[in-house]
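Working notes for the structure below.
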There are 2 protein chains.
Amino acid sequence: MRKRFIIVLTLAVFLLTSLYADEGEWLLKDIAKLNLQSKGLKISPDEIFKPGKPSINSAICQVGGGTGEFVSEKGLILTNHHVAYTAVQRSSTDVTNLIKDGFIADTIDKEIVARGYEAWITIDFTDVTEIFHKAIKDIKNPVERTKTLEKVSKEVVAKAEKKNPGYRYEISSMLNGKAYYLFKYFIVKDIRIVYVPPVAIGEFGGETDNWMWPRHTGDFSFLRAYVSKDGKSAEYSKDNVPYKPAMYLKIAKDGLINDDFVFVVGYPGQTKRYRTSYSINYYQNVFYPRFINKIEEIVGVIDKYSEKDQAAAIKLASLKKGLENAYKNFQGNLEGMKKVNLLDKKIQLEKQIAESLASNPAELKKYEELHKKFKEVFDRELQNSAKEFAITGLNISSSILGDAYLIYKYSIEKEKPDLERDAGFQERDVPVLKRRLQMTEYGLYVPAQIELFADTLKEIVRLPEGSRIEAIDEMFKGNTGDELDKAIDEFVKKAYAETKLIDTKAKLDLFGKDTKTLMAINDPFFKLAAALESTIEVNKEWDREFIGVLNEIRPQFIDFLSKFKGGFLYPDANGTVRFSYGYVKGYKPKDAVMYDPFTTLAGVIEKDTGKSPFNVPEKLTKLEKTKNFGSYAVPALNNDVPVAFLSTIDSTGGNSGSPVLNAKGELVGVLFDGNYESMISDFVFDPELTRAISVDIRYVLFIAEKFTEADFILKEMGLK
Amino acid sequence: MRKRFIIVLTLAVFLLTSLYADEGEWLLKDIAKLNLQSKGLKISPDEIFKPGKPSINSAICQVGGGTGEFVSEKGLILTNHHVAYTAVQRSSTDVTNLIKDGFIADTIDKEIVARGYEAWITIDFTDVTEIFHKAIKDIKNPVERTKTLEKVSKEVVAKAEKKNPGYRYEISSMLNGKAYYLFKYFIVKDIRIVYVPPVAIGEFGGETDNWMWPRHTGDFSFLRAYVSKDGKSAEYSKDNVPYKPAMYLKIAKDGLINDDFVFVVGYPGQTKRYRTSYSINYYQNVFYPRFINKIEEIVGVIDKYSEKDQAAAIKLASLKKGLENAYKNFQGNLEGMKKVNLLDKKIQLEKQIAESLASNPAELKKYEELHKKFKEVFDRELQNSAKEFAITGLNISSSILGDAYLIYKYSIEKEKPDLERDAGFQERDVPVLKRRLQMTEYGLYVPAQIELFADTLKEIVRLPEGSRIEAIDEMFKGNTGDELDKAIDEFVKKAYAETKLIDTKAKLDLFGKDTKTLMAINDPFFKLAAALESTIEVNKEWDREFIGVLNEIRPQFIDFLSKFKGGFLYPDANGTVRFSYGYVKGYKPKDAVMYDPFTTLAGVIEKDTGKSPFNVPEKLTKLEKTKNFGSYAVPALNNDVPVAFLSTIDSTGGNSGSPVLNAKGELVGVLFDGNYESMISDFVFDPELTRAISVDIRYVLFIAEKFTEADFILKEMGLK
C-alpha cells in the first residue's frame, strides 16, 4: 500500500527555487538541450542515449528496487550491496549466513538464484501525450477522468505489447500530467548472485552511518543476468545463458579527482520538487509523523524477536533494513522541512505569484480559484487519510492478509475482459503477482507477524468515528477495553493457526481459482479480505477523485509557476530512466567544518571498534597495515586507497547502484546514498548541501582483488 | 585530597617524543633561548618578562584556579566565564540567579565581592637548586629525603618572606627535582565581579560542547582587583581602591587571521610529558577508572537533588561543573591512552633506550637498576592506593569532615614551632585555611552530602582486607549486610544533625582552639577526624617515601632519556607562570573532515535549539538577523563576527583565561579550552591534533558593545 502514496503524490507540480546548474534528473531525450560539452562532458550525448543504437543506457537496468549496470559482455551486473541485500537474505539461513559472510561464485555453476529479482532495461520511450490529453479533454468529473486515464493507459500498452511481443510497456506521466510517455522495456527474469562482500564491508557503518558523511561503506555486489538460449526473456532455467547486453561499461583508467565532471544514468524513484504548500502540509503534519510512529512500532517488535532467535533475525533482516532506511529518510525530511521552514517558504512563494498577477485581474482570479481547488482537494484527503492509512497498516503488518487479498482480488478481476480489469491485475501481470506470492515466505516470521497484526487491529478499532473500518468493527463488536484486546488476540492467533496461506505451494494452487471456490475453503484471511473489499473499493474511488482533480489543477499551477520563475523544467523522478550530472565536490556541513569529497581506507580503520557495524575484518586491517594497496593507492590521498566520494549529482532513492561515469563515459563509482543534509532534496535541491555518495570503483576493485582475491571478476571486466 | 595526586605525580620525568616547534610550556626565563623572532614574534622577549621591569607578565595573574589578565589601569581583569563561575555561583540564589542572567556593574559601587577569590601576580623567581641539592646530597632514606626537602622549603620561604613583607614566596620544583625555584608573588585579596554575560552566552554549548570544536562559547567575564589605599595586599574593605597593575594589555586593532603567530602567558596546572610506563599504567588502570566511577556516582546524586530543588541546583552547580569537566578530561585521557597505545609506546621507548646502551655495560646496568626501582616504588603505590583513595573519597563526599579535619589538624600543628609544622599549616597559611572554612557553605547542600557521605562509607567498609580503614571498621563493627548499611545511614544522619560545623561562624570560632577544647565539645566530625588521623599520617608517610624515591630516580631517568633523544627540555607545567606560542591553525580530526580555525556568529545561530545549553538569547538572534555587527564583521569570514579560534598553542588546565597575544603582544583572545582530540596532550603533544580553543577578543567586544551595551567596559579599555 505504500506504493499508493508514491503513485498519488508523484503527480504534484511545484517549483520552489530557480534552476541551478547541476540540478535535475533529466529524461534521456532532453539531455541534448543541456549543453553538456560546455559543462565538461567529453563524449557526445548520443553515446549516452540514442534510440535503436547501443548506448550507455543499454548498459543500465532497474534491479532490486535500485539500479544496476552491466560491466561485462556476459551479463555481469554491478550494483549496491544494499540493492542485492534482499536476494542475499532470501538465500541465507542461520547456518549459511550469506549476509554476514558474503558470497563468492568464482565459476558460473556456483552462482545462486537471486530470488524474486528481475532486471528491466529501457529500450526506448515515445511521447503519447496527445492520446491522453485528447481522451480527457472534455471530462469534468474527476473520477471519470482518472478512469479514462487508466483505460487509455491499458489500451496503449496492450496495443504496443501485441505488436512487439517479448517486451513490456509502461505509461509514465511527466510533470504531473503535462506529458505522457510510453516506455519499452526488456525484462531479464533470471538473475543470479555472483559476488557479495561480507556485511562488515558491504554494510560497514550500518544504520549509524546510513545517510552520513564521512562514509566508509563498500556498498557493492555483483549479480548476473540470464536469458534463454535464443536471447529471450525467460524465468530461471539451468539451460539459460548469460545475457549479452548491447553495451557494457568500461572501468576508468584515470582515477577521479576533486572537481571532476561526473554523470549518472539510473532509475530514481520519486522526487516532489514542484509541490504546493498544501502538499507540504500533508507530508509534514500527516504522512511523516504517521509513518514514523508505525515504523517505530514495527521495528520494536522485529528487534524483540530478532534478539531471541537468529533465524528470526535473518528472516526479518531485509524488512528491518528497509524500514530503518525509510525511518531515517522520513525523520530527515521532517527535520529538514522544519529547519528550512519549507511550508512557510512555499506559502511565501505562492503569495509572490499572486502579487505578480496583480496587474492582470483575470489571471489572478484564475489563480485564486486554483488555490481554492487545492485547498478543497487536500482538505478532503486529510479527512480520508486516517481510514486509508488503516488499510495500509493492515497490509504492512500482515503479508498473509496482503496475499489473501491479492488472490481474492484476482479471482474477481479475472472474470472481466482484460482491458477492463483494475491496473495490476491483467494477464500480463500474472507472473508478477505469482512472484509476489512466492517471495512472502522469505520474509515471514509468524510469531512477529501475529503480534504486529494484532497491534494494528487494536489501533484500528480505537480510531475515531469515521476513520474506523466497519468490517473490522463488526468482527469484534460488543467487546471493549481488555476484552476487545483479548478478542483480537484470539482471532489473530486462530487465523494464523487455521490459514492455508502460510504454505507457498498451497497459496499458488489457490491463485487463479474463482471467488466462490476461494470462499468455500473458509480461510479466515480470505474472509477478512472479502470483508475489507468494500472499504478498499471506497478508498480507491477516493484516490481516483484525488488523482483526477490533481491531474487537472497541477498542470495549471505549473504554468503559473513557470511563467513566474522562467526556466526549463525537468520532470520529477518517477522510476523511469534519468540522467543527472555534477562535479566531485565536498561541502561545508556547518560552521567551521569542511568535508573533503574523498574518504580513504585509513578512515575505515579509524572507525574500527571491533563491534558491528564498525568491525573491520582482520584481513582488511592487515592490508592497511602492510600498505598492500596494489595499484589502488592514490598519491593525492596520502597514498591511501579511496573508499567513497561525494558529488553534486542530483539523486534519490532508486538511484542506488547507479553507475557514476566520468567525462569520457567510463565507470568511476557506484552511487549508493545521499548525505543527511540533503535528505530534504526530494523537495528542494540545495546546491550548497546536496551531495550524492558513491563507492569509488577503485575500492570495489581493491576489495575484489586484495581482500576477496576474486581475480575472476577482474578478469571478466578485462582488468587482468 | 585530589591535590595530593597533583603534587606527587608532577615530579615525574619522561620524554616521549622529540621536541616539536610549538611544543612546550616554557619558564619565562628560558624564552630568550627560543629564537622567537625567527618564529614570528615582533617584540623583544624582554617585553614579555624582565625581572624588576613592567612587562606583559605584570599584566597576568593566577585567579580562580585559572589565569586572568589586566586590561585597564584600574585593575580590570579579563578571564573566562568558567573561571569566574564559582564566584558568580556563590553570589547566586534561586531568586537572584546571576549564573542564568549574567551580571553587570556599570559603576564601581554596583560591583559585588568575588567570594574566596584572590589574584596572584608573579613578581620574579630565582634559582635555588643548589640549596636543595646540597641538603639532600647524602640522604639515602626516602622519607628523610622528603622531610628534608620540606624543611629546606619552609626555611627558604620563611627567610624570603621575612626580608620582603607584603609578598608571598613559594618553592616550585622543575623537571621533577632537577631544579628548584623560589617564586615571589604579590597577592590581591579583594576581587570583585564586574561583568558576566548570561549563561546562554558564557556557557553556550555547556557540557555537550565542552572540549569540542567547532565551539561557540562566549567564555569570558570581567573582574576587578582591589588593594588598600597605600597599594598593599588587603582583604575586602569598602575603603580599598582598584589595583594599578605595572602593565595592562592593549587590545589588538588588526583582527587575527589563519597562520598568525600567537603566544600565551598563563598558569598551566600540570602536564605529565616525561612519565615512565609505570606511571602510565597507574593512570590507565587505577587513577582514571577509579575517579571516573566516583564522579559518576557523585554527579548522579547531585542531579537527583538538583532536579527537585532549584536552590540545591545553584548550591551544587559549581561542584557539578568541576566534576563534569574532570570526568570528560579523565575519560578523554583514558580513551586517548588506549587509542594511541600510550603504554605500549612507553614500553617500546624504554626498550630502545636500553638497546642504545648495549655497548656500555656499566650504563646499561645502571639503567636496569633504575627500572627495578621504578617497578618497586609503583608496585608499592598500587598496593597503597586503595586505602589512599578511601581517604580521598571521604574528603570529596563530605566537606564538613574536611573542615573538621582542617580545624583538628591545625590545633595539633599550631603547638609546634612554625618551621616544624606540616606544609599548609604554618602561620602564613592561616588566612587561606580560614577562607577555605568560609567558602564551604556556598557549595553545601546538606541532604545531598548526607547521601554521598553514607554511600562512601558503605563502599569503604566493603573494601578488601588491607585496603579498609581500621577506624571506620571499628565504628560499625558487628554489623553486616543491610544492618551495616542501616548503621551507617543512622550514624551519618545523626552526625549532620548534631554537628556544629555547618554554621560558618561557629566553625570559625573553633578554628585556632587547642585539641583538648575541640575534643571536649563532642562533635561527631571532630571525633571522626581524630580517629582518622593515624590512617592519614600513615598515608602521609607512604607519600613521603614515594616522593623521596621518585625525587632520586626520576632525575636519573631524565638524564638517560635526554641523552637518548637529545633536545632542550621544558619543565612540565606545575602551576607556575609559563610562556607558550603557536599559530592560528585548523586541523583534520578524522578522515575526510577538516576543521577551520575560526567559528562565527552564524554558527551560534545554527546550533540554536531553544533549549539549554543551546538556547540563543533573542537579542543575539536579532543582531545576527539584522547583521548589526558594528566594526566586528570580518570580510574573510563571510562578513560575520568571529566567535572562537584554534591555535597550536600548548596549554592545559590552569591556562583557562590566559590572554592570547599576537606577534606585537596585543590581546587577540582569551584561551578557554583544549580540543577533545588533544586531551591526552597532558601526556603527549601531537602537533597534528593538539589545539587550544580561545574566544576571539572581537566576540568579547561585540557581546559587550552590541548585546550587553556595556559601553563603560569598552571605554575603560580605551576603545570608545
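The values are calculated or read from the model by the stated rules, or taken from the named source; none is laboratory data. Everything numeric here is computed off the predicted structure, so don't read it as measured data. Every residue, glycine as well, gets a Cβ built from its backbone with ideal geometry; the counts of neighbours run over all protein chains shown. Surface areas here come from the heavy atoms of the whole protein model, side chains and all, with no ligands, DNA or RNA. Shrake-Rupley method; radii C 1.70, N 1.55, O 1.52, S 1.80 Å.
For the condition among the polar types (S, T, N, Q) and within 13 Å of another protein chain (Cβ to nearest Cβ), A:THR648 does not qualify. The single residue among A:LYS607, A:LYS664, A:LYS619 that is in contact (Cβ under 8 Å) with a residue 40 or more places away in the chain, open to solvent by 10 Å² or more (accessible area, probe 1.4 Å) and within 12 Å of chain B (Cβ to nearest Cβ) turns out to be A:LYS607.
Among the residues making up the range B:462-484, none is part of a helix (DSSP H, G or I) and among the aromatic types (Phe, Trp, Tyr). Return yes when B:ALA158 is over 24 Å from B:ASP572 (Cβ atoms), assigned to a helix (DSSP H, G or I) and among the small types (Gly, Ala, Ser) and no when it is not. Against the criterion (over 24 Å from B:ASP572 (Cβ atoms), assigned to a helix (DSSP H, G or I) and among the small types (Gly, Ala, Ser)), B:ALA158 qualifies.
Yes/no per residue for (1) among the aliphatic types (A, V, I, L, M); (2) outside any helix (DSSP H, G or I); (3) surrounded by fewer than 16 Cβ atoms within 10 Å (Cβ to Cβ):
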site	(1), (2), (3)
A:ALA312	yes, no, no
A:GLY336	no, no, no
A:ASP344	no, no, yes
A:GLU355	no, no, yes
A:SER359	no, yes, yes
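Given B:PHE568, B:PHE629, B:PHE557, which one is more than 14 Å from every other protein chain (Cβ to nearest Cβ) and open to solvent by 40 Å² or more (accessible area, probe 1.4 Å)? Step by step, each of B:PHE568, B:PHE629, B:PHE557 is checked, and only B:PHE568 is more than 14 Å from every other protein chain (Cβ to nearest Cβ) and open to solvent by 40 Å² or more (accessible area, probe 1.4 Å).
Going by the conditions given, is A:VAL377 open to solvent by 10 Å² or more (accessible area, probe 1.4 Å) and part of a helix (DSSP H, G or I)? Against the criterion (open to solvent by 10 Å² or more (accessible area, probe 1.4 Å) and part of a helix (DSSP H, G or I)), A:VAL377 does not qualify. Among the residues of the range B:195-217, those that are touching a Phe, Trp or Tyr at 6+ places or on another chain (Cβ under 6 Å), at negative phi and more than 14 Å from every other protein chain (Cβ to nearest Cβ) comprise B:TYR195, B:VAL196. If you take the residues of the range A:25-55 that are aliphatic (A, V, I, L, M) and either in contact with a Cys (Cβ under 6 Å, 6 or more places away or on another chain) or open to solvent by 10 Å² or more (accessible area, probe 1.4 Å) (or both), which of them is nearest to A:LYS244 (Cα to Cα)? Filtering first and then ranking leaves A:ILE43. The single condition among (1) among the polar types (S, T, N, Q); (2) touching a Lys or Arg at 6+ places or on another chain (Cβ under 6 Å); (3) without any contact (Cβ under 8 Å) to a residue 60 or more places away in the chain that B:THR480 does not meet is (2). Note on the range B:141-163: residues that are open to solvent by less than 50 Å² (accessible area, probe 1.4 Å) and farther than 14 Å from B:ILE131 by Cβ total 5.
Could we say that A:ARG192 is basic (Lys, Arg) and within 14 Å of chain B (Cβ to nearest Cβ) here? The answer is no for A:ARG192. Where strands (runs of 3 or more DSSP E) fall wholly inside the range A:167-222, the ranges with 2 or more residues that are surrounded by fewer than 22 Cβ atoms within 10 Å (Cβ to Cβ) are A:168-174, A:179-188. Within the range B:324-334, being hydrophobic (A, V, I, L, M, F, W, C) and surrounded by 19 or more Cβ atoms within 10 Å (Cβ to Cβ) holds for B:PHE330, B:LEU334.
Any residue in the range B:581-604 that is at the interface with chain A (Cβ under 7 Å from one of its Cβ atoms) and closer than 15 Å to B:LEU256 by Cα sitting within a Cβ distance under 6 Å of a residue that is in a strand (DSSP E or B) and basic (Lys, Arg)? List the pairs, counting only those 6 or more apart or interchain. Hits for this filter: zero, empty list. Look at B:ALA135 and say whether it is over 30 Å from B:VAL194 (Cβ atoms) and not acidic (Asp, Glu). Spelling it out, B:ALA135 is indeed over 30 Å from B:VAL194 (Cβ atoms) and not acidic (Asp, Glu).
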